[in-house]
């Protein structure tokens, strides 16, 4: 099980990451660009997912089906994210090492190259 405290600890260790809010929920940003956030209550209601906290992360659009197939039950998507390079993580079922990898990938998607190359 992964908590947002775990996500915060891992994310804040990346270059120039700050904790903030994004769409009214806790999130992490690099130079004011969000790369992960928790789903809010509105999204849980909209998509009828109530079993766990959900983390939103970016990924390459082409890799999204592969990620979803390789991590069934942990990673998922909803119609709202169709056509977008984003996956949703059921944090209660997630492995900390996987989340750390996905978090770094999401960071690389929005961080300036000068920061991303420091990893």
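Read-outs: derived from the displayed coordinates by stated rules, not from any lab. In this text, all values refer to a predicted model and were calculated from it rather than measured experimentally. All Cβ positions, even for glycine, are placed from backbone atoms using ideal geometry, and neighbour counts span all protein chains on display.
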Exercise for the section: Starting with the fewest neighbours, write out 3, 52 ranked by other beta-carbon atoms found within 10 Å of each beta-carbon. Expected result: 3, 52
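What is the extension gain from residue 41 to residue 76, computed as 0.36 nm multiplied by their sequence separation minus the C-alpha to C-alpha distance, in nm to one decimal?
10.9 nm
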Practice task
Fewest Cβ neighbours within 10 Å first, please rank 36, 117 accordingly.
Solution key: 117, 36
Exercise for the section: May I have the convex hull volume per residue, in Å³, for the Cα set of the chain? Expected result: 100
Exercise for the section: Can you put 91, 63 in order of Cβ neighbours within 10 angstrom, beginning with the fewest? Expected result: 63, 91
